[in-house]
Amino acid sequence: MANWQRLNDYEIDDTEEVAAGEVFDGLIPKEVATYYDSFVRNGATVRDSDALERLMRQPMSDILEQVQWFKRDDVLELSAEGTLLIARHACAANPVPILDRITAEEAEIREHCKRGREYKALDGSGKDTSPPEREYELYRKHYRPVHELLRGWCGHRSVTFCERLTAADAEVRRLNILLAEVIDELRQHNAIHAEGYEREHNDERIRPETVRPVVDRPLAPWEIPAREVRVRAPRW
């Protein structure tokens with residue numbers, strides 16, 4: 001029990017957990033190592049150290065020196081920190097399958113962010129639709145952090161905020177030109193719809209002043225609401 005407690009002292013966040021799962025599912029055979037059936041949350045169970053060393057191109061002893069672990073029967077039990085190290089070295093040694101998987105997943109997510117996604121309702125009532133706005137929020141909060149972490153493990157530098165902002169500005173300009181061409185083409189066939197789309201595009205444009213948070217100014221003394229505090233009358 002003490003051994004399991006030592007391994008349970010290290011925790012990983014949700015992004016690291018999903019990324020490690022992607023690596024173990026895509027690169028590491030189950031007969032070599034797993035991380036979902038350990039008695040410790042997100043701990044790794046190594047069944048074939050030699051095969052894992054060849055896959056990671058890294059001595060297993062280097063991993064064990066850095067994390068909590070113990071030997072149980074014929075397997076090695078590692079903490080969640082060991083799971084991350086195994087996933088990181090496996091990605092660095094075999095980046096192509098993971099990068100291909102990310103590229104394919106991002107292509108699918110782009111379609112969902114544009115047109116929404118159909119899925120089976122959990123209550124069995126049939127198909128339901130997730131709107132593009134919700135799909136983008138899922139990408140921004142869930143998928144993108146996982147993809148960035150996996151790219152980092154594969155040896156690719158994470159995208160900086162400045163690079164993301166520069167790319168966003170260039171993409172907005174490209175889409176503005178493309179939309180203007182589409183509206184001009186539509187105007188030749190349906191002028192009313194073309195004018196409506198152009199008006200909507202201009203009126204609902206997202207500008208810096210619309211997303212900038214409003215800072216509350218200090219209130220003047222006469223604007224501060226008065227609070228009445230009841231106190232118990234003194235007893236003489």
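Values quoted throughout were computed directly from the atomic coordinates according to the rules given, and no laboratory measurement underlies them. No experiment lies behind these values; they were computed from the predicted model shown. All Cβ positions, even for glycine, are placed from backbone atoms using ideal geometry, and neighbour counts span all protein chains on display.
Structure notes:
- For the chain, the fraction of alpha-carbon pairs in successive 10 Å shells from zero, as %: 6, 19, 21, 17, 14, 11, 7, 2, 0, 0
- Whole-number percent relative contact order across the stretch 1-125, with pairs defined as alpha carbons under 8 Å at least 6 apart: 26 percent
- Along the axis of the charge dipole computed for the chain (Cβ charges of +1 for Lys and Arg, -1 for Asp and Glu, origin at the Cα centre), the listed residues P221, F161, Q68 are led at the positive end by P221.
- Ranked by how many other beta carbons lie within 10 Å on average, peptides 181-187, 6-12 from highest: 6-12, 181-187
- Peptide packing: for 172-180, 27-35, 120-128, the average count of neighbouring Cβ atoms within 10 Å per residue gives the ranking 27-35, 172-180, 120-128, highest mean first.
- When you restrict to C-alpha pairs under 8 Å that are six or more residues apart and normalise by the size of the chain, the relative contact order lands at 15 percent.
- Along its three principal directions, the equivalent ellipsoid of the stretch 161-205 from the Cα gyration tensor extends over semi-axes of 27, 11, 4 Å, largest first.
- Positive-end residue, the stretch 1-116 charge dipole about Cα centroid, Cβ charges, pick of A51, L27, P97: P97
- When peptides 156-168, 43-55 are ranked by their average number of other Cβ atoms within 10 Å per residue, the highest-first order is 43-55, 156-168.
- Length released on extending from E163 to D203, taking residue separation times 0.36 nm less the Cα-Cα span: 11.6 nm
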